[in-house]
């Protein structure tokens, strides 16, 4: 070689440069593959494996006769995967979905917070045309997909809006409160059975681990699906309701404001629970338009409000049996104690009126004919403390503990109540007189009154009302039976007999106020009530049970702002009883009509 | 026979090359396995056979003949480069291919080889003195002519490789250090300027120190210094006028995490692929990054992350060792062959291979800008594989003729 010194020197330069560079590369390899291996391993996993949750089908709901009352139907939702969605397509997507641009962006932003690789629902329950558009433009809309979900469907004419309740998309606040199971976009039971039995109905989500390529396209199941978590289907519920009675009661209250609660006295199961006006659950099964929400919330008839459990009205004459039971049990009176009803009662210089002159009246007759004067006097004789005590025993003034719904405790006044309201010794006996006939500072809900009817029917036995009787696990077919707590109001047999006789006569013997509740072939017992309403027409009440000897149904009917209980509430109760006992209405329409009109003059 | 073989064939370089080509085929098989691109795999096998056969043929080209045909080959390849600009078909935004049947041929790859031969031929002439400006200009011109033509395609990566070829050969041929500084300093300063003013200033200060150390004439030092500063300042201006995709690549290099789905996406994904491979790798065809095609066209420039992910550090390090072995052997050969021509050819080959390896692996590991430069022997590409095996063939040829003057 010509110039050896240069090459020797040059060779070393090359060696040094190469050595340094390759050492740097080796160090970089060690850094990436030894030190950061874990970190990059996680990224690569997240890169390629995605968890897709599979929604279980919400549990089906049956009535006491095995009739499917809450069903599921397929519904199509449009979802957007934030990581794959090209924001340039927002205008186009907005025009296809008929959804505000900002609303879509908000939903995508919410989804992004949780997982930008997971599809987030932007529109629930789209029609087929929208679905077809999304399918057609799939290529132009990366990250936009549709999912088949299920929505609630109500196959029978029993709509039971307040009882079944509705489901809705989980709110941000609930996401925080309810813990980690729920994810954004999940459907959660909000009210009624859907809300109360959410944990049973929803089932458990399943999870599939899928591998995706760089474009997010699904290329297969991770580890052949061995790591997938299967979903658990929602439990089936069997309710205590009778869809037929429920539907009938709903139709009877159509156009009215009121409530019907019917209870099976043998176990406390709710046979029917209606509050009117109500709303259509179908409005909530898919997307609830904001206009409907607004309308429901601003309607002064308050269709979302459950009158069966939340109202608190004076019960009127339906409360007379409570006072009778208290006085008889305490030995304050017996069946022979009589008063002479002159049509009014004078206390000091205040006159309390009755609607009729009943003459000489004992406790059975007083219940039968709803004699106010008898109970005015009896109230004074019995006193507030005793009355309040028995009121509590019958379940007033406190929630019933029904399994699914919000309820009102009502108001059962006591000495303490009056003391705190008016001051000690500042209130007089005059305040009490009207309590004797269920008026005044007193509030009960139709559910509480139905429970009271059950106690009268059962001669003291009270079962905590409930709506669900069986929970069936779809995985192993195990059935969880729900039974009610029972408590008993122990009164003398003779006391119960006197009161029950009064109730029987009120419906079945001429001169009784509840004749409109009469059903051919069934011995119905019951009591009407008319609650004075300072804001308008009186509220009509009826409580009762049937058959008299072996009660199968206890019922309470409230028709607001209508008038006399004997005219407006009793016929509804009769028809419900008829439907429940016979399974159908045996009277034809022509024979039903006179019952309602003829009894117009029967006074409460 | 045994002795003849050992005398004629540098077995180490030969075997290292064959192993690397095989690893490349395996990696391409894996990268294209699920990408619907298995055609690349079959094409590459054909090219590997053609390339390795060519390598063996090149070993036995008579040494003198090679020297004699250096200029004509260079001339022909330049002609092709011009022709491709006029006729070539466009692939990924640049015109650099000739269609020959279904296998494309890239004149710029051929030119790499012929440029080495031509430059070595020119510099080995006893009458050439690199201290004469005219001779230096001709030597540089041999490289700058194809660089200009390639930049017109435009193919930035290949053009950079040619520059990386020129400087070491001139150094090896005995050009003055001042001259080399004059060539290198502006380039380094330009890159530093892209990183920001601080690094730019540091580079300038280092250059100043270097100029003091080599004690060059003050006037020349001042010229070099001002020119370098001028280049650095111009870079910002030029940057603004670059094609958007080039700007993006530079940006992505400066901050790969800044635009994860843009130009930096590949680098992030390739780092994830390499890092997640760990020590032993995820196993052949088990690399999720590779199999799920997180890196577009991984079988070309980003092929290194395939063995790194699937065979882990073991595989990645083996490849580094094999590359280093070929480069060190090449430098050793350059300093031991008797002929100045052979020595310069060896250095030329080593420089081209080294610049490819360093720029590519540096890029894949997120240490260098994303410049479209393939990895020798492993990346998919027929012309490139052919030129690489041809160059190894030249090394082996020089070895078998190492005693010739």
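Considering chain B as a Gaussian network with a 10 Å cut-off on Cα pairs, which listed residue, B:378, B:152, B:208, attains the greatest mean-square fluctuation?
Result for chain B, Cα springs under 10 Å: B:208 fluctuates most.
Measure nothing but the geometry: give the 0 to 90° angle between the long axis through the Cα atoms of A:589-598 and the longest principal axis through the Cα atoms of chain A, rounded to 10°.
Helix A:589-598 sits roughly 60 degrees off the main axis of chain A.
Is the shape of the range B:120-229 rounded, prolate or oblate, going by the alpha carbon gyration tensor and its root eigenvalues a ≥ b ≥ c, with a/c under 1.5 for rounded and a/b larger than b/c for prolate?
Taking the square roots of the gyration eigenvalues as a ≥ b ≥ c, the range B:120-229 is oblate.
Can you tell me the orientation of helix A:320-329 relative to chain A, as the angle in degrees between its alpha-carbon axis and the longest Cα principal axis, to the nearest 10?
70
Mean separation of Cα pairs under 8 Å and 6+ residues apart, divided by the residue count of chain A: what relative contact order is that in percent?
The normalised contact order for chain A reaches 13 percent.
Compute the angle between helix A:446-458 and the longest alpha-carbon principal axis of chain A, please, reported from 0 to 90 degrees and rounded to the nearest 10.
Value to nearest ten degrees: 60.
With both bridge residues required to lie in the protein assembly as shown, what share of the DSSP beta bridges run antiparallel, to the nearest 5%?
Percentage antiparallel, nearest 5: 95.
Looking at chain A, send over the antiparallel percent of its DSSP beta bridges, to the nearest 5.
95
Please say if chain B is rounded, prolate or oblate, where rounded means a/c under 1.5 for a ≥ b ≥ c the square roots of the C-alpha gyration tensor eigenvalues, and otherwise the choice is prolate for a/b larger than b/c and oblate otherwise?
Verdict is oblate for chain B.
Counting each DSSP H run of 4 or more residues in chain B as -39500 (n - 2.57), what helix-only mean residue ellipticity at 222 nm follows after dividing by all residues, to the nearest 500 deg cm²/dmol?
Helix contribution divided over all residues of chain B: -24500 deg cm²/dmol.
So what are the radius of gyration and Dmax for the Cα set of the protein assembly as shown, in Å?
Here Rg and the maximum Cα pair distance are 47.4, 151 Å.
Which shape class, rounded, prolate or oblate, goes with the range B:38-77 when its Cα gyration tensor gives a ≥ b ≥ c as root eigenvalues, a/c under 1.5 marks rounded, and past that a/b bigger than b/c marks prolate?
oblate
When you look at the Cβ of every residue in A:251-259, what mean number of other chain Cβ atoms sits within 10 Å?
0
Enter the mean number of other protein chain beta carbons within 10 Å of the beta carbon of each residue in A:33-43, as an integer.
Whole-number average of other-chain Cβ neighbours for A:33-43 is 6.
Cut-off 10 angstrom, C-alpha nodes, Gaussian network model of chain B. Which of B:301, B:125, B:155 fluctuates the most?
B:125
Among B:192, B:86, B:120, which one shows the biggest mean-square fluctuation in a GNM of chain B, springs joining Cα atoms closer than 10 Å?
Maximum among the listed residues: B:86.
Values in this text are rule-based calculations from the coordinates and carry no lab data. On a predicted model such as this, the values are computed, not experimentally measured, just so you know. Here the Cβ is made from the backbone with ideal geometry for all residues, glycine too, and neighbour counts use every protein chain on show.
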